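Below are the structure tokens for one structure; questions will follow.
The values are calculated or read from the model by the stated rules, or taken from the named source; none is laboratory data. Because the structure is a prediction, the values reported are computed rather than measured. Here the Cβ positions follow ideal geometry from the backbone for every residue, glycine too, while neighbour counts run over all protein chains shown.
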Amino acid sequence: MKNGAVVDILEKFANLLEFKGENLFKINAYRRAARTIAELGEDIEKVWQEGRLDQLPGIGDAIREKVNQFLLEGRIRQFDELAAAAPREIFDLLSIQHFGPKTAALAFKELGVETVADLRRVLEDGSLSTLPGMGPKKCENILKSLKLHESSSSQISIGLAADLVARVMDHLEKTASGRFGRLSAAGSVRRYKETVHDIDILVEAEDGREIISAFAQMDGVTRVLGAGATKGSILLDDRFQVDLRAVPSESFGAALQYFTGSQEHNVHLREIAKKAGYKVNEYGIFHDDQRVGGQFEEDIYHVL
DNA sequence: TCGACGTCGCATAGCA
DNA sequence: TGCTATGCGA
DNA sequence: GTCGA
């Protein structure tokens with residue numbers, strides 16, 4: 001069963017294209033193809049042998065050929081070519097928050113940053129901050145992310161995640177009670193995925209400023225990654241990223257559905273909605289641009 | 001053959 | 001100081 | 001790059 005390997009190389013292919021600065025839609029095409037295979041209920045090699053590869057959604061001539069080459073020879077020539085022109089540790093580098101493809105390309109081109117160690121060096125000796133668009137704050141943020149990247153522990157077990165959610169909810173109820181309505185975990189925590197990457201919490205509030213500010217001030221916050229009127233993001237205990245979103249009452253249900261996912265589930269649901277003449281997004285469910293629901297999560301599933 | 005492909009909030013940098 | 005563009009993440 | 005109009 002090589003499905004995992006195929007998914008992996010297609011996702012990495014997308015990352016390499018992104019680093020190269022390729023068209024965003026092309027990049028997404030590779031990611032979509034990877035997702036299709038990840039969700040495929042059968043052995044990709046079997047599909048391949050039976051010549052059914054391009055019956056899979058998102059796989060056309062070009063990607064089919066690459067998958068073909070991979071299954072035949074264990075490698076993809078174009079992939080190797082792209083990889084040869086990129087930093088040695090490109091995938092590691094891109095996994096550092098705030099160090100995206102554009103920044104990576106700039107640092108590689110101007111300073112020859114190939115590895116995580118290189119990145120640390122150019123951050124510490126200040127040379128990265130001499131590049132256009134790389135102000136002090138941005139460099140500081142990247143350095144913090146890099147340290148986090150090296151220390152963590154990026155996956156959180158569901159048990160610990162649940163504890164963290166309880167901690168946040170407790171805090172909000174104590175310090176901002178009455179200023180918000182419903183409060184719920186979302187994302188992979190709510191889906192009880194065994195391990196999660198970060199923690200998403202949703203709160204019902206017309207104006208999220210106060211509650212997000214309370215959120216950013218709770219005990220154990222070691223960094224405020226962002227805090228606005230509708231969205232806040234913190235680092236708890238130096239390790240755990242927790243995001244809080246404030247949404248108005250009429251779209252709380254839709255947002256809960258949307259941010260609970262999973263991504264594949266959302267894609268599937270939208271498809272169903274589309275066929276039935278509806279449109280679903282994080283703000284509600286619509287028919288002819290008329291809102292027909294969104295206050296409750298059930299609205300979405302009920303209508304469809 | 002050709003246009004659509006999700007969209008938005010936040011932080012930051014750079015400029016007027 | 002305010003505005004806009006960009007990168008990033010989700 | 002893929003899909004559908």
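Determine the pairs where a residue that is farther than 15 Å from residue A:185 by Cβ, located within segment A:223-245, has a partner that is buried (at least 18 other Cβ atoms within 10 Å of the Cβ) and of a type in the set (Ser, Thr, Tyr) with Cβ atoms under 8 Å apart, the partner being 6 or more residues away or on another chain.
Hits for this filter: A:224/A:233; A:225/A:233; A:226/A:233; A:227/A:233.
Quick one: in segment A:85-107, of everything that is in a helix (DSSP H, G or I) and β-branched (Val, Ile, Thr), which residue is nearest to residue A:143 (Cα to Cα)?
A:103
From the list A:65, A:110, which one is part of a helix (DSSP H, G or I), away from DNA strand B (no atom under 16 Å from the Cβ), free of Cβ contacts under 8 Å to residues at least 24 places away in the same chain and over 17 Å from residue A:11 (Cβ atoms)?
A:65
Right, next: What is the residue count in segment A:31-53 for residues that are in contact (Cβ under 8 Å) with a residue 24 or more places away in the chain, more than 15 Å from DNA strand C (Cβ to nearest atom) and either closer than 21 Å to residue A:89 by Cβ or buried (at least 17 other Cβ atoms within 10 Å of the Cβ) (or both)?
Counting residues in segment A:31-53 that are in contact (Cβ under 8 Å) with a residue 24 or more places away in the chain, more than 15 Å from DNA strand C (Cβ to nearest atom) and either closer than 21 Å to residue A:89 by Cβ or buried (at least 17 other Cβ atoms within 10 Å of the Cβ) (or both) gives 4.
Residues are listed down the side, and each one gets a yes or a no for (1) within 16 Å of DNA strand D (Cβ to nearest atom); (2) of a type in the set (D, E, K, R):
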| site | (1), (2) |
| --- | --- |
| A:35 | yes, yes |
| A:49 | no, no |
| A:59 | yes, no |
| A:66 | yes, yes |
| A:92 | no, yes |
| A:120 | no, yes |
| A:133 | no, no |
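Tell me which residues, restricted to segment A:10-46, are aliphatic (A, V, I, L, M) and out of contact with any helix residue (DSSP H, G or I) (no Cβ under 6 Å at 6 or more places or on another chain).
Hits for segment A:10-46 are A:24, A:29, A:40.
Same structure again: Filter segment A:82-107 down to the residues that are over 14 Å from residue A:15 (Cβ atoms) and of a type in the set (Gly, Ala, Ser) and list them by number.
Selection gives A:84, A:107.
Let me ask another. Six or more apart or on different chains, Cβ atoms under 8 Å: show the pairs whose first residue is in segment A:14-28 and assigned by TED's automatic domain parsing to the domain that holds residue A:80 and among the β-branched types (Val, Ile, Thr) and whose second is within 10 Å of DNA strand C (Cβ to nearest atom) and at pLDDT 95 or above.
Once the first residue is assigned by TED's automatic domain parsing to the domain that holds residue A:80 and among the β-branched types (Val, Ile, Thr) and sits in segment A:14-28, its partners that are within 10 Å of DNA strand C (Cβ to nearest atom) and at pLDDT 95 or above give A:27/A:18.
Let me ask you something else. For residues that are farther than 22 Å from residue A:263 by Cβ, charged (D, E, K, R) and in a loop (DSSP other than H, G, I, E, B), tally how many sit in segment A:35-62.
3
Rundown of residues vs (1) β-branched (Val, Ile, Thr); (2) surrounded by 14 or more Cβ atoms within 10 Å (Cβ to Cβ); (3) in contact with a strand residue (DSSP E or B) (Cβ under 6 Å, 6 or more places away or on another chain), yes/no style:
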| residue | (1), (2), (3) |
| --- | --- |
| A:159 | no, no, no |
| A:165 | yes, yes, yes |
| A:174 | no, no, no |
| A:180 | no, yes, yes |
| A:190 | no, yes, no |
| A:214 | no, yes, no |
| A:217 | no, no, no |
| A:243 | no, yes, yes |
| A:248 | no, yes, no |
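I'd like to verify a number: residues in segment A:190-207 that are away from DNA strand B (no atom under 14 Å from the Cβ), under 22 Å from residue A:283 (Cβ atoms) and among the hydrophobic types (A, V, I, L, M, F, W, C), how many?
Number satisfying all stated conditions: 1.
Still on this model: Quick check on segment A:140-153: of everything there that is within 12 Å of DNA strand C (Cβ to nearest atom) and under 18 Å from residue A:87 (Cβ atoms), which residue is surrounded by the most Cβ atoms within 10 Å (Cβ to Cβ)?
Ranking the candidates gives A:142 first.
Identify all residues within segment A:120-137 that are touching a residue at least 24 places away in the same chain (Cβ under 8 Å), buried (at least 16 other Cβ atoms within 10 Å of the Cβ) and either within 16 Å of DNA strand B (Cβ to nearest atom) or β-branched (Val, Ile, Thr) (or both); write none if there are none.
Those that are touching a residue at least 24 places away in the same chain (Cβ under 8 Å), buried (at least 16 other Cβ atoms within 10 Å of the Cβ) and either within 16 Å of DNA strand B (Cβ to nearest atom) or β-branched (Val, Ile, Thr) (or both): A:131, A:134.
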